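Student: The following block contains the structure, expressed as structure tokens.
The values are calculated or read from the model by the stated rules, or taken from the named source; none is laboratory data. The structure displayed is predicted, hence computed values, not measured ones. FYI the Cβ positions are ideal-geometry reconstructions off the backbone, even for glycines, and counts take in every protein chain you see.
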Amino acid sequence: MNRIALIVTIAALSIGGPADTLTGRWVSRVPNNDGTFRETIFVLTQQGTALTGAIITPTSEQPFVDGAADGDTFSFASAPATNPRRTLYRGTRTGDTIALTIARPGRLDQTLSADRGPDSAGRLPVRAEPPALHPVPDNGLARTPPMGWNSWNHFHGQIDDATVRAIADAMASSGMKDAGYTYVNIDDTWEQARDANGRITTNRKFPNMKALADYVHSKGLKIGIYSSPGPFTCAGYEGSYGHEMDDARTYAEWGIDYLKYDWCGAGRMYKDSEMQAIYQKMGDALRTVGRPIVYSLCQYGRQDVWKWGAEVGGNLWRTTGDISDNWDSMTRIGFGQDELGPYAKPGHFNDPDMLEIGNGGMSDAEYRTHMSLWALLSAPLLAGNDLRSMTPETVKILTNRDVIAIDQDLLGRQGRRVRKDGDVEIWTKPLSGGATAIGVFNRSASEASTTLRCGDFQACGGHRIRDLWAQADRGAFGETYAVSIPSHGVALLRVSK
């Protein structure tokens, strides 16, 4: 296989460790496009021809295997040979610089260099012991699932002040604001470092966060931000570790209305069993700053977060890993939420991750399934597409007010699966006023039909049906109601007296 090399130039760092062996800490600094750097530290210990050590990134520290040295050449691997994801590192040393070639299965080789760094390189700050557990008072926010937009699914790290302003403009002008979308949320990569007083600063992509918040507020919208309880965020930027109170105050001063708090970098400091106490720390901080800030926990459903998320002040908590813009990912996540239903209630919701509607990886029928399922789950509706360039059909899906009303129903109850016939699943959600939402999902590759019986839904006698995607009333619910659903499609119905 033909391979090309990506050469990364690394700035020299202060030198430490034995100059005649590989033993030491070798630091690679890869520049981001915002004035920050992402560091990788290679910790090497050489004893004769044996080489041991670890690879440290902002969010992980992994020992390597199969290390060997022969003069100034060496090699090691990230995993045993039996692991299909094994990465092989081959290198040479020239003085206080090493050059590495990194070979990953199915990917082009990468080459980079690293300089001998100080003994402090890659070391974590002193660990702060988790606080004792106690209930954090309910903040009174998010009585219905939050609605808005988040930058990560579409833009990842390529988000900046100008784009956020343009997204706010598009939310206000596209009909999304009128449909109930409120929050414009900035995800990872906005952070720079801390000043002498410990205050978080923004990188050059976001020159003035307070001015940006003011602009979003001027549109009648709210603004959200992102951090981590660890020293680093998922993308390797400055986290909130040791500065929870500082950051909560800063967010309040900026005018922030929503915080997504992502576990990533905390995994190097704490065990999963300490997660509840660590999230409680920020929950306490947010309660003291005098500004209402929705608190979103992002730790991928670990430690049964639905059982304690509300106790640490959380308004919503992720129940799963990251979603991707494809049918398999969306359905695996969405249809896997059934057993979590009892834990959702006003102000505290399960979060199966953001919407992918409009990003192009699924058909319109599949996106209607996505929207319907999230509405039945009382999930946060956080669009993850580029609001500036939506197709009319994407706007129609995201702003269907009948569907949104299912999600935003004041009971705050999460829907449950009531029947599964092969690839056809039927879900229901109780609604205020005695109504019921019924979702009939076809997970197969061909059209499917099924029959609903009024007795299965306590809907016999005097009940009417509305088809929410057709936006049409279907008359009385007789003894039965037949539906046909296209491949990967949905029939979403509201049944009421």
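Residues are listed down the side, and each one gets a yes or a no for (1) over 19 Å from the mean Cα position of the chain (by Cα); (2) closer than 19 Å to residue 202 by Cβ; (3) modelled with pLDDT under 95; (4) of a type in the set (S, T, N, Q):
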| site | (1), (2), (3), (4) |
| --- | --- |
| 246 | yes, yes, no, no |
| 265 | no, yes, yes, no |
| 277 | yes, no, no, no |
| 287 | yes, no, no, no |
| 297 | no, no, no, no |
| 317 | no, no, no, no |
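Student: Of the residues that make up region 479-487, is at least one at pLDDT 95 or above and within 29 Å of residue 345 (Cβ to Cβ)?
Tutor: Within region 479-487 (the criterion being at pLDDT 95 or above and within 29 Å of residue 345 (Cβ to Cβ)), the answer is no, since none of the residues qualifies.
Student: Those residues that are hydrophobic (A, V, I, L, M, F, W, C) and in a loop (DSSP other than H, G, I, E, B), I need them from region 106-138; list them, please. Please lay out each step first, then the result.
Tutor: Our first condition is that a residue be hydrophobic (A, V, I, L, M, F, W, C); within region 106-138, this holds for 108, 112, 114, 121, 124, 126, 128, 132-133, 136.
Scanning region 106-138 gives 108, 121, 124, 126, 128, 132, 133, 136.
Student: Here is a follow-up. If you take the residues in region 297-333 that are touching a residue at least 24 places away in the same chain (Cβ under 8 Å) and of a type in the set (D, E, K, R), which one is surrounded by the fewest Cβ atoms within 10 Å (Cβ to Cβ)?
Tutor: By that ranking, first place goes to 307.
Student: Give the residues of region 458-497 that are in a strand (DSSP E or B) and aromatic (Phe, Trp, Tyr), sorted by residue number.
Tutor: At the first step, the residues of region 458-497 found to be in a strand (DSSP E or B) are 464-467, 472-476, 480-485, 490-496.
If the condition is that a residue be in a strand (DSSP E or B) and aromatic (Phe, Trp, Tyr), then 481 is the only one that fits.
Student: Let me ask something else. Show me the helices (runs of 4 or more DSSP H) entirely contained within region 223-340 in which 1 or more residues are under 27 Å from residue 377 (Cα atoms) and not assigned by TED's automatic domain parsing to the domain that holds residue 35.
Tutor: Working: elements: 244-254, 275-287, 327-334.
Fully inside region 223-340 and qualifying: 275-287, 327-334.
This table checks each residue for (1) of a type in the set (Lys, Arg); (2) part of a loop (DSSP other than H, G, I, E, B); (3) touching an Asp or Glu at 6+ places or on another chain (Cβ under 8 Å).
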| position | (1), (2), (3) |
| --- | --- |
| 359 | no, yes, yes |
| 362 | no, yes, yes |
| 366 | no, no, no |
| 370 | no, no, yes |
| 375 | no, no, yes |
| 382 | no, no, no |
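Student: Also, quick follow-up: Would you be able to tell me the number of residues in region 411-442 that are part of a loop (DSSP other than H, G, I, E, B) and either surrounded by fewer than 21 Cβ atoms within 10 Å (Cβ to Cβ) or of a type in the set (Val, Ile, Thr) (or both)?
Tutor: Going through region 411-442, the residues part of a loop (DSSP other than H, G, I, E, B) turn out to be 411-415, 422-423, 431, 435.
Within this subset, residues satisfying the condition of being either surrounded by fewer than 21 Cβ atoms within 10 Å (Cβ to Cβ) or of a type in the set (Val, Ile, Thr) (or both) are 411-413, 422-423, 431, 435.
Of the residues in region 411-442, 7 are part of a loop (DSSP other than H, G, I, E, B) and either surrounded by fewer than 21 Cβ atoms within 10 Å (Cβ to Cβ) or of a type in the set (Val, Ile, Thr) (or both).
Student: Do any residues in region 437-455 that are closer than 22 Å to residue 403 by Cβ have Cβ atoms under 7 Å from those of residues that are of a type in the set (D, E, K, R), where the two are at least six apart or on different chains, and which pairs are they?
Tutor: Partner pairs satisfying both residue conditions: 437/429; 437/494; 441/425; 442/423; 443/423; 443/425; 448/423; 450/421.
Student: Another one. Condition check: touching a Gly at 6+ places or on another chain (Cβ under 8 Å) and at negative phi. Does residue 387 satisfy that? Quick ask: steps written out before the conclusion?
Tutor: Numbers: touching a Gly at 6+ places or on another chain (Cβ under 8 Å): no; at negative phi: yes.
No, not satisfied.
Student: Could you run through region 88-106 and say how many residues are closer than 17 Å to residue 24 by Cβ and surrounded by fewer than 16 Cβ atoms within 10 Å (Cβ to Cβ)? Even if it seems obvious, please write down each step before you answer.
Tutor: In the first step, residues of region 88-106 are kept if they are closer than 17 Å to residue 24 by Cβ; the result is 89, 91-100.
Filter once more, keeping what is surrounded by fewer than 16 Cβ atoms within 10 Å (Cβ to Cβ): 92, 94-95, 97, 99.
Number of matching residues: 5.
Student: Here are some conditions: (1) aliphatic (A, V, I, L, M); (2) under 23 Å from residue 321 (Cβ atoms); (3) more than 19 Å from the chain's Cα centre (by Cα). Residue 216 meets all but one. Which one does it not meet?
Tutor: Condition not satisfied by residue 216: (2).
Student: Taking residue 141 as meeting all but one of (1) in a loop (DSSP other than H, G, I, E, B); (2) in the same structural domain as residue 325 (by TED's automatic domain parsing); (3) of a type in the set (A, V, I, L, M, F, W, C), write down the number of the exception.
Tutor: Here residue 141 clears every test but (2).
Listed here are the residues, each with its yes/no results for (1) surrounded by 15 or more Cβ atoms within 10 Å (Cβ to Cβ); (2) closer than 17 Å to residue 351 by Cβ.
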{"position": "145", "(1), (2)": "yes, yes"}
{"position": "149", "(1), (2)": "yes, yes"}
{"position": "158", "(1), (2)": "no, no"}
{"position": "176", "(1), (2)": "yes, no"}
{"position": "181", "(1), (2)": "yes, yes"}
{"position": "187", "(1), (2)": "yes, yes"}
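Student: Looking at residue 172, is it in the same structural domain as residue 377 (by TED's automatic domain parsing), closer than 27 Å to residue 32 by Cα and either in contact with a Lys or Arg (Cβ under 7 Å, 6 or more places away or on another chain) or among the aliphatic types (A, V, I, L, M) (or both)?
Tutor: Values: in the same structural domain as residue 377 (by TED's automatic domain parsing): yes; closer than 27 Å to residue 32 by Cα: no; either in contact with a Lys or Arg (Cβ under 7 Å, 6 or more places away or on another chain) or among the aliphatic types (A, V, I, L, M) (or both): yes.
In short, no.
Student: Still on this structure, please answer the following. Quick one: count up the residues across region 19-32 that are without any contact (Cβ under 8 Å) to a residue 24 or more places away in the chain, assigned to a loop (DSSP other than H, G, I, E, B) and surrounded by 15 or more Cβ atoms within 10 Å (Cβ to Cβ).
Tutor: Quick first cut of region 19-32, residues without any contact (Cβ under 8 Å) to a residue 24 or more places away in the chain only: 20, 23, 29, 31.
Filter once more, so that each one left must be assigned to a loop (DSSP other than H, G, I, E, B): 20, 23.
Still in the list and also surrounded by 15 or more Cβ atoms within 10 Å (Cβ to Cβ): 23.
Residues meeting the conditions: 1.
Student: In the set 387, 376, which member is farther than 19 Å from residue 153 by Cβ and touching a helix residue (DSSP H, G or I) at 6+ places or on another chain (Cβ under 8 Å)? I'd like the intermediate steps shown before the answer.
Tutor: Working: 387 fails: farther than 19 Å from residue 153 by Cβ.
On inspection, the qualifying residue turns out to be 376.
Student: Something else now. Looking only at region 33-87, count every residue that is among the charged types (D, E, K, R), buried (at least 18 other Cβ atoms within 10 Å of the Cβ) and assigned to a strand (DSSP E or B) and tell me the total. Give the steps one after another, and end with the answer.
Tutor: So in region 33-87, the residues among the charged types (D, E, K, R) come out as 34, 38-39, 61, 66, 70, 72, 85-86.
Add one more test, that the residue is buried (at least 18 other Cβ atoms within 10 Å of the Cβ), and what stays is 34, 39.
Pick out the ones that are also assigned to a strand (DSSP E or B) and you get 39.
The qualifying residues number 1.
Student: Another question, if that's okay. Could you grab me the full set of residues in region 265-276 that are surrounded by 17 or more Cβ atoms within 10 Å (Cβ to Cβ) and touching a Pro at 6+ places or on another chain (Cβ under 9 Å)? Reasoning before the result, please.
Tutor: Just the residues of region 265-276 that are surrounded by 17 or more Cβ atoms within 10 Å (Cβ to Cβ), to begin with: 265-270, 275-276.
If the condition is that a residue be surrounded by 17 or more Cβ atoms within 10 Å (Cβ to Cβ) and touching a Pro at 6+ places or on another chain (Cβ under 9 Å), then 265, 266, 268, 269, 270, 275, 276 are the ones that fit.
Student: Here is a further query. Got a sec? Which of 354, 371, 362 is in contact with a Leu (Cβ under 9 Å, 6 or more places away or on another chain), in the same structural domain as residue 316 (by TED's automatic domain parsing), under 14 Å from residue 324 (Cα atoms) and in contact (Cβ under 8 Å) with a residue 12 or more places away in the chain?
Tutor: On the way: 371 fails: under 14 Å from residue 324 (Cα atoms); 362 fails: in contact with a Leu (Cβ under 9 Å, 6 or more places away or on another chain).
Result of the check over 354, 371, 362: 354.
Student: Right, next: Does region 387-410 contain any residue that is outside any helix (DSSP H, G or I), surrounded by fewer than 16 Cβ atoms within 10 Å (Cβ to Cβ) and either in contact (Cβ under 8 Å) with a residue 60 or more places away in the chain or touching a Ser or Thr at 6+ places or on another chain (Cβ under 8 Å) (or both)? Let's see the steps before the verdict.
Tutor: Initial filter on region 387-410 (outside any helix (DSSP H, G or I)): 390-391, 399-400, 408-410.
Still in the running and surrounded by fewer than 16 Cβ atoms within 10 Å (Cβ to Cβ): 391, 410.
Next, from what is left, pick out any that are either in contact (Cβ under 8 Å) with a residue 60 or more places away in the chain or touching a Ser or Thr at 6+ places or on another chain (Cβ under 8 Å) (or both): 410.
Yes: region 387-410 contains one or more residues that are outside any helix (DSSP H, G or I), surrounded by fewer than 16 Cβ atoms within 10 Å (Cβ to Cβ) and either in contact (Cβ under 8 Å) with a residue 60 or more places away in the chain or touching a Ser or Thr at 6+ places or on another chain (Cβ under 8 Å) (or both).
Student: Sticking with this one: What are the pairs, 6+ residues apart or on separate chains, where a residue within region 466-493 that is on the phi > 0 side of the Ramachandran plot has its Cβ under 9 Å from a residue that is of a type in the set (A, V, I, L, M) and part of a strand (DSSP E or B)?
Tutor: That search, which allows pairs on different chains as well, returns 475/465.
Student: Checking residue 122 against (1) within 30 Å of residue 373 (Cβ to Cβ); (2) surrounded by 21 or more Cβ atoms within 10 Å (Cβ to Cβ); (3) not β-branched (Val, Ile, Thr), which test does it fail?
Tutor: So the condition that residue 122 fails would be (1).
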